[in-house]
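Asker: Take this structure, written in structure tokens, and hold onto it; I'll ask about it next.
The values are calculated or read from the model by the stated rules, or taken from the named source; none is laboratory data. Note that the structure is predicted; figures quoted are calculated from it, not measured. Neighbour counts run over all protein chains shown; Cβ positions are idealised from the backbone, glycine included.
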Amino acid sequence: MIPLHRPRYLLISVFLLLLSGYILAPFPLRAAETEVHALDTALQLEPEAAPWFHDAVLYQIFPRIYGDGTLRAVTENLEAIRDLGVNTIYLMPVHEIGRVRRIGALGSPYSIRDHYSVAPELGTVDDLRTLVDRAHALGLRVLMDLVPNHTSYDNPLVTEAPSWYRLGPDGVPLPPVPEWRDVAQLDYSVPEVRAYMLDVARYWLRTAGIDGYRIDASVYVPFSFWLEFYPAIKAEFPDAFLLSESGESWLLTAFDSQYDWEFEGVLGRVLRGQSALLLREHLGKLAASKRPKLIYLENHDHPRWLARYDRDSAPAAALVLLTAPAIPMLYAGQELGATHRPSLFDPDRLVTPNDRELYDIYRDLLHLRAIRPELSRGEYTAVDTSERDAVLAYLRGPYGDLDRAILVVVNLRGRAVEAALDLGPWVATAALWQSGGAAVECRSEQCTASLPAYGGAVYEVRLVRQGSAG
């Protein structure tokens, strides 16, 4: 990762990446100087994000496979989604899908024929407004997917404004990468393209009243555009949440948050036998980020978590996901033990085994997160344990009350473990959540965690001041 606090190294690193064609690919290399200048400008900016996103818990929904595959089905289930404990709905693209070069029977929702449309099979613009209004009435926020990098090959712009695209020698628009053969790359060296995408973003914020965007493949769009986009959107919609799907660290300068692409892989490697110190180190990196990053166990680009890992380990994974120093996201069905990854291209439906035990774990942890701000806004401090390869422990907080914080301890092995915890001046006083009989006991200055296989616990801890009794 490039350290943002070292501008000289950052600029040199980015310039080398630009010359390699990575950041601007498939944009012309003559734009490299402009992009380095844009990054130099960005280093002097401090985006002011709306405070609500610090407490956000995202719930990703693929509308086409949800319920009967309509926006109305999502609306009808919003109360149940709220009751789970999440507070922000993220809708994958709802627009009309292209037919030319379509992959599969239905095509990818990221191959967009009209950015201003709602796909008729999903509903209407009024249906989307109703969904957003109902969500707001329930205390939920709504993000839409913004897909700025490309369009379908039968988007009217392909024939009406061919100069807006990156063209091959034959005059045909190029895909962003060869594997994305169903989409045509827009050319952001054309000012009209920038104006168009800004207008698209404003349109849905105004028309549907949404609360922001998850912005797809943002690294493929020139960085200079995001430095225009962010202040332009914030000037009119200061509370809008702008989330970059791309994980390159330098992008965070122009967004409120971004995906952390490493978390689920690091957690998975630890569950398969690597040291818990790897995860401890990664959580430390997340905590050091200027703005919280988004973490997940699964999304539409990944196989389901429980298709890759044992069900027994699910409570441990959920505990870390929902207490780490980051913004957590669930993919609809994850909380019910889904193992089937819905197709992005063909007819499919959300199918789950209706695992109520797992649902209760997610619900209880989400509700705990909602009432204890330490878990979303508190400091992160790693806690040393005597079983450092198997057990991960950390404090969240204090926040507000300086004498109170939260201890999270989790066994990342499929065997019972007893571990001594070095809590320093803190002592565990009350269990807030436990799985499998996990417990922490403090006697004098020694605290011990007794943890079953993949068990974990959340405790309130209190500061013991020097010289105080007990």
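Asker: Filter the strands (runs of 3 or more DSSP E) completely within segment 294-383 down to those with at least 1 residues that are under 18 Å from Leu58 (Cα atoms). First the steps, then the outcome.
Answerer: Details: elements: 294-296, 327-331, 380-382.
By residue number, 294-296, 327-331.
Asker: Residue under question is Leu432, and the condition is that it be part of a strand (DSSP E or B), within 29 Å of Thr88 (Cα to Cα) and either assigned by TED's automatic domain parsing to the domain that holds Ile61 or in contact with a helix residue (DSSP H, G or I) (Cβ under 9 Å, 6 or more places away or on another chain) (or both); does it hold?
Answerer: Answer is yes for this residue.
Asker: Would you mind finding the one in Thr253, Thr207 that is under 18 Å from the mean Cα position of the chain (by Cα), more than 30 Å from Val383 (Cβ to Cβ) and among the β-branched types (Val, Ile, Thr)?
Answerer: Thr253
Asker: Right, another one. Only one of Pro292, Pro325 is in contact (Cβ under 8 Å) with a residue 24 or more places away in the chain, farther than 28 Å from Val417 by Cβ and crowded, with 22+ Cβ neighbours inside 10 Å. Can you tell me which? Quick ask: steps written out before the conclusion?
Answerer: Details: Pro325 fails: farther than 28 Å from Val417 by Cβ.
Sole residue among the options that is in contact (Cβ under 8 Å) with a residue 24 or more places away in the chain, farther than 28 Å from Val417 by Cβ and crowded, with 22+ Cβ neighbours inside 10 Å: Pro292.
Asker: Please enumerate the residues belonging to segment 229-282 that are outside any helix (DSSP H, G or I) and touching a His at 6+ places or on another chain (Cβ under 8 Å). Don't jump to the end; show me each part of the working.
Answerer: Filtering segment 229-282 for residues outside any helix (DSSP H, G or I) gives 237-248, 255-262, 272-275.
If the condition is that a residue be outside any helix (DSSP H, G or I) and touching a His at 6+ places or on another chain (Cβ under 8 Å), then Glu262 is the only one that fits.
Asker: Give segment 422-447 a look and list any residue that's over 32 Å from the mean Cα position of the chain (by Cα) and surrounded by fewer than 17 Cβ atoms within 10 Å (Cβ to Cβ), or say none.
Answerer: Gly424, Pro425, Thr429, Glu441, Arg443, Ser444, Glu445, Gln446
Asker: Consider Val172 against the criteria (1) under 24 Å from the mean Cα position of the chain (by Cα); (2) within 20 Å of Gly98 (Cα to Cα): it satisfies all of them except one. Which criterion is unmet?
Answerer: (1)
Asker: Another one. Of all residues in segment 91-110, which are of a type in the set (D, E, K, R) and in a strand (DSSP E or B)? Full working, then the answer.
Answerer: Just the residues of segment 91-110 that are of a type in the set (D, E, K, R), to begin with: 96, 99, 101-102.
Correct list: Glu96 only.
Asker: Sticking with this one: Does Val118 qualify as being farther than 23 Å from Leu294 by Cβ and in a loop (DSSP other than H, G, I, E, B)?
Answerer: Taking the combined requirement at face value, the residue satisfies it.
Asker: Considering only segment 369-384, I want to know if a residue exists there that is surrounded by 20 or more Cβ atoms within 10 Å (Cβ to Cβ) and closer than 17 Å to Leu451 by Cβ.
Answerer: yes
Asker: Picking from Ala419, Ala457, which residue would you name as being surrounded by 14 or more Cβ atoms within 10 Å (Cβ to Cβ), closer than 14 Å to Leu395 by Cα and not assigned by TED's automatic domain parsing to the domain that holds Ala316?
Answerer: It is Ala457.
Asker: Let me ask something else. So which residues in segment 385-416 are surrounded by fewer than 18 Cβ atoms within 10 Å (Cβ to Cβ) and within 24 Å of the chain's Cα centre (by Cα)?
Answerer: Residue satisfying the conditions is Tyr399 alone.
Asker: Something else now. Name every residue in segment 53-102 that is crowded, with 18+ Cβ neighbours inside 10 Å and of a type in the set (Asp, Glu), in order of residue number.
Answerer: Passing the criteria: only Glu96.
Asker: Another one. Hey, can you tell me all the residues within segment 109-151 that are of a type in the set (Gly, Ala, Ser), touching a residue at least 24 places away in the same chain (Cβ under 8 Å) and surrounded by fewer than 21 Cβ atoms within 10 Å (Cβ to Cβ)?
Answerer: Matches in segment 109-151: Gly139 only.
Asker: For segment 201-243, give me each residue that is of a type in the set (Ser, Thr, Tyr) and closer than 20 Å to Leu131 by Cα.
Answerer: Once the filter is applied, which keeps residues that are of a type in the set (Ser, Thr, Tyr) and closer than 20 Å to Leu131 by Cα, segment 201-243 yields Tyr203, Thr207, Tyr213.
Asker: If the requirement is being in the same structural domain as Pro292 (by TED's automatic domain parsing), of a type in the set (Val, Ile, Thr) and farther than 30 Å from Ala105 by Cα, which of these qualifies: Ile233, Ile215? Working first, answer last.
Answerer: On the way: Ile215 fails: farther than 30 Å from Ala105 by Cα.
Step by step, each of Ile233, Ile215 is checked, and only Ile233 is in the same structural domain as Pro292 (by TED's automatic domain parsing), of a type in the set (Val, Ile, Thr) and farther than 30 Å from Ala105 by Cα.
Asker: Just a yes or no: is a residue in segment 185-208 touching a Gly at 6+ places or on another chain (Cβ under 7 Å) and not small (Gly, Ala, Ser)?
Answerer: Among the residues of segment 185-208, not one is touching a Gly at 6+ places or on another chain (Cβ under 7 Å) and not small (Gly, Ala, Ser), which makes the answer no.
Asker: Give the residue that is surrounded by the fewest Cβ atoms within 10 Å (Cβ to Cβ), with candidates limited to residues of segment 196-232 that are of a type in the set (S, T, N, Q) and within 24 Å of Leu58 (Cα to Cα).
Answerer: Out of the qualifying residues, it is Thr207.
Asker: In segment 377-384, is there at least one residue being under 29 Å from the mean Cα position of the chain (by Cα), more than 30 Å from Ala332 (Cα to Cα) and β-branched (Val, Ile, Thr)? Quick ask: steps written out before the conclusion?
Answerer: Our first condition is that a residue be under 29 Å from the mean Cα position of the chain (by Cα); within segment 377-384, this holds for 377-384.
Restricting the remaining residues to those that are more than 30 Å from Ala332 (Cα to Cα) gives 381-384.
Filter once more, keeping what is β-branched (Val, Ile, Thr): 381, 383.
Yes.
Asker: While we're looking at this one, here's another question. Out of (1) assigned by TED's automatic domain parsing to the domain that holds Leu278; (2) buried (at least 16 other Cβ atoms within 10 Å of the Cβ); (3) of a type in the set (A, V, I, L, M, F, W, C), what's the single condition that is false for Val351?
Answerer: (2)
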